[in-house]
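Colleague: Dropping a structure here in structure tokens format, bear with me for questions.
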Amino acid sequence: MRMFSIASGSSGNCIYIGNESTHLLVDAGVSGKRIIQGLEQMNLSLSDMDGILITHEHTDHIQGLGILLRKCEIPVYATADTIEEIFRYDKLGKVNRDLFSAIEPDHTFSIRDMFIQPASIWHDAADPVCYSFLDASGKISIATDLGDFDEYLIHRLNGSDVVLVESNHDVRMLEANRTYSYALKQRILGKRGHLSNERSGELMSRLVSNYKVKSIVLGHLSRENNIPECAFINMQNYMRQAGLNLEQTTIEVARRDCCSADISI
């Protein structure tokens, strides 16, 4: 199984997950042109895609969806409430509603030879989820846009060989940001907002104590309230404290502006 990030950040997100027979996108939050170019850069095409899985309906996760579906009729999977919100998005354009299938948290489903496990997350959206992907090679999980985590989420992510986890902001940078309103800061810091660098480290510390994670990818970084080096060093420190051998486990930051984090298991 292979994962790479086409784009990851507060301005847009799109992740590829696949193997030899199954090719999937998680979210389509950048332009259709950029998604197509990202796939081509990795020797894939839009017509190869067997499905698009949407985590939630915020613009930075669906803004390229309409153009992709008009170019190529790819099945789309999301929770029922998320699908309804997608069709309220004023920039979606005309798409075939029959392409959309409703999925439910905690109900595993399959696309070709890939098993997908959706799990509920805390975020200010209709019915947001994160996804874990399993095939014969192992388990890859993508968990972003979650204001917090609990034992339920740890259980759902447990056993992952690779985790792309949100490391959205540095709390001190966010609190010092003079362009953000108090209400916006409270939204980001709240339980239905985004994971800070520190909280992301705490989540991964819990996961690696239960299972040997081979690769950690930090995603959905804020352009205004984080620095990739800050997120990286923070996670390194947490992993050392958790006793993880950093010579055997990779940590990297997904880029917002180009393909990155190309990982195979």
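The values are calculated or read from the model by the stated rules, or taken from the named source; none is laboratory data. These numbers come from a predicted model, not from an experiment. Every residue, glycine as well, gets a Cβ built from its backbone with ideal geometry; the counts of neighbours run over all protein chains shown. What goes into the accessible areas is simple: the full protein's heavy atoms, side chains included, and nothing from ligands, DNA or RNA. Shrake-Rupley method; radii C 1.70, N 1.55, O 1.52, S 1.80 Å.
Colleague: Rank ASN168, ASN210, ASN226 by mean-square fluctuation in a GNM of the chain with C-alpha springs under 10 angstrom and give only the top-ranked residue.
Modeller: In the Gaussian network model the winner is ASN210.
Colleague: On the protein heavy atoms, probe 1.4 angstrom, tell me the percent of accessible surface of the chain carried by carbon and sulfur.
Modeller: Within the chain, the accessible surface is 47 percent carbon and sulfur.
Colleague: Using a Gaussian network model on the chain with a 10 Å cutoff between Cα atoms, which of GLY32, GLY147, GLY93 fluctuates the most?
Modeller: Among GLY32, GLY147, GLY93, the largest mean-square fluctuation in the Gaussian network model of the chain belongs to GLY93.
Colleague: Still on this structure, please answer the following. I want the antiparallel fraction of DSSP beta bridges within the chain, as a percent rounded to 5.
Modeller: 55 percent
Colleague: So for each of 123-130, 189-196 I average, over its residues, the number of other beta carbons within 10 Å; can you give me the resulting order with the highest mean first?
Modeller: Top to bottom by mean Cβ count within 10 Å: 123-130, 189-196.
Colleague: So for each of 62-71, 10-19 I average, over its residues, the number of other beta carbons within 10 Å; can you give me the resulting order with the highest mean first?
Modeller: Answer by packing, highest mean first, reads 10-19, 62-71.
Colleague: Next question, about the same structure. Going by Cα centres, the stretch 82-142 and the stretch 159-230 are how many Å apart?
Modeller: 22 Å
Colleague: With +1 on the Cβ of every Lys and Arg and -1 on the Cβ of every Asp and Glu, and nothing else charged, how large is the dipole of the chain about its Cα centre, in debye rounded to the nearest 20?
Modeller: Using Cβ point charges on Lys, Arg, Asp and Glu, the chain gives about 520 debye.
Colleague: Moving on. Would you mind counting up the charge near THR179? Only other residues with Cβ under 12 Å from its Cβ, with Lys and Arg at +1 and Asp and Glu at -1.
Modeller: +2
Colleague: Still on this structure, I have one more. Per residue, how much accessible area does the chain show when a 1.4 Å probe rolls over the protein heavy atoms, in square angstrom?
Modeller: Heavy-atom accessible area per residue stands at 42 Å².
Colleague: Rounded to the nearest 0.05, what FRET efficiency do GLU151 and SER21 give with R0 = 35 Å and r taken as the Cβ-Cβ distance? Could you check?
Modeller: 0.50
Colleague: Build a GNM of the chain with springs between Cα atoms under 10 Å: which of THR144, THR179, THR59 gets the top mean-square fluctuation?
Modeller: THR179
Colleague: If each DSSP helix of 4+ residues adds -39,500 (n - 2.57) and the sum is divided by the residues in the chain, what number results at 222 nm, nearest 500 deg cm²/dmol?
Modeller: Rounded to the nearest 500, the figure is -8000 deg cm²/dmol.
Colleague: Please give every one of the lysines within straight-line cross-link reach of LYS139, meaning a C-alpha to C-alpha distance under 20 Å, and leave out same-chain neighbours fewer than 8 residues apart.
Modeller: Leaving aside lysines fewer than 8 places away in the same chain, those within reach of LYS139 are LYS212, LYS214.
Colleague: Could you give me D for the stretch 9-67, from Stokes-Einstein at 10 °C and 1.306 mPa s, where the hydrodynamic radius is the Kirkwood radius over C-alpha pairs? Units µm² s⁻¹, please.
Modeller: 140 µm²/s
Colleague: Let me ask you something else. Rounded to the nearest 10 Å², what accessible area does PHE232 have for a 1.4 Å probe in the complete protein model?
Modeller: Here the residue's solvent-accessible area equals roughly 60 Å².
Colleague: If the cut-off is 23 Å between C-alpha atoms, which lysines fall inside it for LYS94, apart from same-chain ones fewer than 8 positions away?
Modeller: Within the straight-line cut-off, LYS94 pairs with LYS33, LYS71.
Colleague: Okay, moving on. In the neighborhood of ILE142, defined by Cβ-to-Cβ distances under 14 Å, what is the net charge if each Lys or Arg adds +1 and each Asp or Glu adds -1?
Modeller: Residues near ILE142 contribute -1 overall.
Colleague: Debye sum, Cα scatterers, the stretch 141-265, no solvent: what log₁₀ I/I(0) at q = 0.10, 0.12, 0.13, 0.23 1/Å?
Modeller: Values returned for q = 0.10, 0.12, 0.13, 0.23 Å⁻¹ are -0.29, -0.42, -0.49, -1.41.
Colleague: Positive end of the dipole of the stretch 119-165, charges at C-beta (+1 Lys, Arg; -1 Asp, Glu), about the Cα centre: which of LEU164, PHE133, SER120 has its Cα farthest in that direction?
Modeller: Towards the positive end, the residue furthest out is PHE133.
Colleague: Another question, then. State the extension gain, in nm to one decimal, for the chain segment bounded by THR250 and ASP106, taking 0.36 nm per residue of separation less the distance between their alpha-carbons.
Modeller: 49.0 nm
Colleague: Rounded, prolate or oblate, given the Cα gyration tensor of the stretch 60-189, with a/c below 1.5 counting as rounded?
Modeller: Oblate shape, in that a/c is at least 1.5 and b/c is the bigger or equal ratio.
Colleague: Rg to Rh for the chain: what is it, with Cα atoms only and Rh by Kirkwood?
Modeller: In the chain, Rg relative to Rh is 0.94.
Colleague: A follow-up question, please. Let me know the shape class of the stretch 40-120, please: from the alpha-carbon gyration tensor, a ≥ b ≥ c as square roots of the eigenvalues, rounded when a/c is under 1.5, otherwise prolate if a/b is greater than b/c, or oblate.
Modeller: The shape class here is oblate.
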